[in-house]
Ligand code: HEM
Ligand code: HEM
Ligand SMILES: [Fe+2]
């Protein structure tokens, strides 16, 4: 077996930092969930607002780092050469990690205070999911430029512009360009929100979805040996459907923020069509896995591929569709239905995709020619994750339904109806369930880490000690 490309070694660094941040995400999530039960806990020391912010910022950063790792992993395989500017790529990696560390430290040290241009530049921008201060924004832009340059230059030098790479290059340009929309500052909250959604929605429901399509196309070729012609045909169809529905689907966030009324129709119509490509992806995965009778040399990667297809459809498609029509969203907007969907969609579509990439890398490193990659721990982590994410999401969904009835439909969305909703047992009790399942989710994470550190090791040492 040939040696790893430098680019693939860099991918392993990305995956490692991503996994550490995944752990940090869960710790801050658990603190925030506990503060729901006991609001005085750490009040004034580590506020809910900070825990929540660190929870979701860590998520965005680790998922993106995992995707970058995935691109650095597959790029040399696809082009048959080392990535151009690999030294620059490594430098950019350290810049990114250092910037993230400084941003987190500042979040923790300066938790409250006034907001002005100084704080915008140096402490936080205050836009959910992309709170990083402006200096870090520009750092992220620089790192992304290096990344983009490396991808494009490697493809040009290798003269191997495959269909998958073409989609990747166009998609990354859109993904990075949209980030700039999140840096536009205006004191008008409606205008601000208008542009902010360009990042949040057009990332997760358009450009990330296509990026994951690219990565899963490579994953299917690696894990199941699916022919390039088949994955590329599916990829083009998915890109067409994802962009066709997702771009104007943006309107489902423009129902009640002061944007013109025509968004009710546009947003409702196009976002209701968004599950269609997600169904297509399930069909694609079942078709490919079925034609191999679920056999593959990389068991965990195969099962996480299936989880990705179903999770994307259930979390984004079903839990998204549930509240996307304006007639329903009028009642459900901003209730616990929203985080129920947010958790299931991010986990189902993007955590799963990251785990596929990581297990592919682990197999290549530990047991490239050995027996099938398998263990008991990955199965335990897999079942644990699936049960506990549905446990958390189920609890939030129940609470959300109760809020819809008690606070909105019956109470008429007054302030006292809001309080009545918050005090209702069907809203309060699920918060205990969420916390409990959250603890078990963390346990599944620990099993996953144990597995990633050990799986395939025995096979690797067995081949190493073979008599010469
Ligand atoms: C993987 C893809 C997706 C992810 C990761 C995702 C994630 C999220 C998150 C985190 C929020 C909450 C945003 C906030 O903080 O306010 C949200 C809101 C929303 N999502 Fe998605 N989503 C995805 C796909 C979809 C799809 C396909 C639909 C529709 C079919 C949808 C419908 C909605 C709606 C209507 C809201 C607004 C909820 C409200 O009014 O409070 N999402 N999504
Ligand atoms: C130990 C497990 C977890 C716990 C206890 C937890 C807890 C929480 C809490 C308390 C919030 C704040 C909710 C609020 O403002 O009302 C939150 C928000 C959020 N979490 Fe988690 N979380 C966990 C795992 C995850 C995972 C695995 C993901 C996705 C990969 C995730 C994604 C999100 C998102 C997107 C939001 C914002 C949702 C919204 O605004 O609608 N969380 N989480
Ligand atoms: Fe959306």
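Would you be able to say whether some residue in segment 18-41 is in contact (Cβ under 8 Å) with a residue 40 or more places away in the chain and under 20 Å from residue 366 (Cα atoms)?
yes
Just one of (1) closer than 26 Å to residue 179 by Cβ; (2) within 16 Å of ligand 1 (Cβ to nearest atom) trips up residue 48, so point out which.
Just one mismatch for residue 48, condition (1).
Among what's in segment 126-158 and is in contact (Cβ under 8 Å) with a residue 60 or more places away in the chain and assigned to a loop (DSSP other than H, G, I, E, B), pick the residue that is nearest to the chain's Cα centre (by Cα).
129
For residue 190, work out the one condition from (1) at pLDDT 95 or above; (2) within 16 Å of ligand 1 (Cβ to nearest atom) it doesn't fulfil.
(1)
Test residue 301 against the stated conditions and say whether it is in a helix (DSSP H, G or I), touching a residue at least 60 places away in the same chain (Cβ under 8 Å), over 29 Å from residue 400 (Cα atoms) and touching a strand residue (DSSP E or B) at 6+ places or on another chain (Cβ under 9 Å).
Against the criterion (in a helix (DSSP H, G or I), touching a residue at least 60 places away in the same chain (Cβ under 8 Å), over 29 Å from residue 400 (Cα atoms) and touching a strand residue (DSSP E or B) at 6+ places or on another chain (Cβ under 9 Å)), residue 301 qualifies.
For segment 344-366, does any single residue satisfy the condition of being outside any helix (DSSP H, G or I) and in contact with a helix residue (DSSP H, G or I) (Cβ under 8 Å, 6 or more places away or on another chain)?
Checking segment 344-366: not a single residue is outside any helix (DSSP H, G or I) and in contact with a helix residue (DSSP H, G or I) (Cβ under 8 Å, 6 or more places away or on another chain).
For segment 368-381, give me each residue that is buried (at least 21 other Cβ atoms within 10 Å of the Cβ) and at pLDDT 95 or above.
Correct list: 378, 381.
Yes/no per residue for (1) near ligand 2 (Cβ under 9 Å from one of its atoms); (2) modelled with pLDDT under 95; (3) crowded, with 23+ Cβ neighbours inside 10 Å:
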| residue | (1), (2), (3) |
| --- | --- |
| 327 | no, no, no |
| 338 | yes, no, no |
| 341 | yes, no, yes |
| 354 | no, no, yes |
| 366 | no, yes, no |
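Pairs please, first residue from segment 404-420 and at pLDDT 95 or above, second anywhere and not in a helix (DSSP H, G or I), Cβ atoms under 7 Å, 6+ apart in sequence or on different chains.
The qualifying pairs are 404/335; 406/424; 407/413; 417/411; 420/411.
Between residues in segment 431-445 that are under 12 Å from residue 382 (Cα atoms) and touching a residue at least 12 places away in the same chain (Cβ under 8 Å) and residues that are within 16 Å of ligand 3 (Cβ to nearest atom) and in a helix (DSSP H, G or I), which pairs lie under 6 Å by C-beta distance while being six or more apart or on different chains?
Taking only residues 6 or more apart or on different chains, not a single pair turns up.
Taking residue 323, is it within 16 Å of ligand 2 (Cβ to nearest atom) and more than 19 Å from the chain's Cα centre (by Cα)?
yes
Which of (1) away from ligand 2 (no atom under 16 Å from the Cβ); (2) outside any helix (DSSP H, G or I); (3) within 21 Å of the chain's Cα centre (by Cα) is the odd one out, the single condition residue 161 does not satisfy?
Failed condition: (3).
Could you grab me the full set of residues in segment 51-104 that are outside any helix (DSSP H, G or I) and surrounded by 21 or more Cβ atoms within 10 Å (Cβ to Cβ)?
83
If I ask for residues that are touching a helix residue (DSSP H, G or I) at 6+ places or on another chain (Cβ under 6 Å) and away from ligand 3 (no atom under 16 Å from the Cβ), which ones from segment 317-334 would you list? Lay out the reasoning, then the answer.
So in segment 317-334, the residues touching a helix residue (DSSP H, G or I) at 6+ places or on another chain (Cβ under 6 Å) come out as 317, 319-321, 323-326, 331-332.
Correct list: 331 only.
Output the residues belonging to segment 252-275 that are within 11 Å of ligand 1 (Cβ to nearest atom) and over 15 Å from residue 189 (Cα atoms).
Passing the criteria: 252, 267, 268, 270, 271, 272, 273, 274, 275.
Matching residues to (1) closer than 15 Å to residue 330 by Cα; (2) away from ligand 2 (no atom under 16 Å from the Cβ); (3) in a helix (DSSP H, G or I); (4) at pLDDT 95 or above:
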| position | (1), (2), (3), (4) |
| --- | --- |
| 240 | no, yes, yes, yes |
| 246 | no, yes, yes, yes |
| 251 | yes, yes, yes, yes |
| 256 | yes, no, no, yes |
| 263 | yes, yes, yes, yes |
| 268 | yes, yes, yes, yes |
| 272 | no, yes, yes, yes |
| 280 | no, yes, yes, no |
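The values are calculated or read from the model by the stated rules, or taken from the named source; none is laboratory data. Predicted model, so just to flag it, every value in this text is computed and none were measured. All Cβ positions, even for glycine, are placed from backbone atoms using ideal geometry, and neighbour counts span all protein chains on display.
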